[in-house]
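None of the figures in this text is laboratory data; all of them are computed from the coordinates on show. Please read all numbers here as calculations on a predicted model, not as lab measurements. Methodologically, a virtual Cβ is constructed for each residue, glycine included, from the backbone with ideal geometry; neighbour enumeration extends over all protein chains shown.
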Amino acid sequence: MLDVAALAPPIVHAALAQSLYGTRLFNVTITNVPGPQIPLYAFGAQMREVYPVVPLAAAHSLGIAIFSYNGLMTFGVIADSESTPDIDVLARGIEEGLDELSALVSADHRANIHQVRT
């Protein structure tokens, strides 16, 4: 198909290329940014919270950003309301998954402490 397209006039070639590659290849962006694990200050005031945001590119539906700072991890979820009307389900799922992971880590940590003490 590409060989045939090469023989076509430029306008046909452009239309064919747009039809083949014009659709979005992905519609979700997820990024994690490891931030400083020490407090940061501006004019003597300590930064207490960070809210990560992934700008949505054209025709993208969802962006998830994860940022760690000073021993904490923050998730930012942004979505196109038309293509993702149930974004609250995803946000709750992230919260529940983190709670589950935290409970497992805590249980494992308690087991390791118990093994060391005995």
Charge tally for neighbours of D88 with beta carbon under 13 Å away, counting Lys, Arg as +1 and Asp, Glu as -1, is -2
Along the stretch 49-57, Karplus-curve 3J(HN,Hα) (6.51, -1.76, 1.60; θ = phi - 60°) to the nearest Hz, with x for Gly and Pro, reads 9, 10, 10, x, 9, 9, x, 7, 6
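Can you work out the FRET efficiency for the pair D99 and S68, with r the C-beta to C-beta distance and R0 = 22 Å, to the nearest 0.05? Please list the in-between numbers first.
Values: r = 18 Å, r/R0 = 0.81.
FRET efficiency, D99 to S68: 0.80.
Tell me, E95, E49 in order of fewest to most beta-carbon neighbours within 10 Å? Walk me through the intermediate numbers first.
Working: E95 11, E49 8.
By the 10 Å Cβ count, ascending, the order reads E49, E95.
Would you mind ranking F67, F26, F43 by Cβ crowding within 10 Å, fewest neighbours first? The partial results should precede the final answer.
Numbers: F67 18, F26 8, F43 4.
Lowest count first: F43, F26, F67.
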Put in order of increasing Cβ neighbours within 10 Å, starting from the fewest, V33, V54 give V33, V54
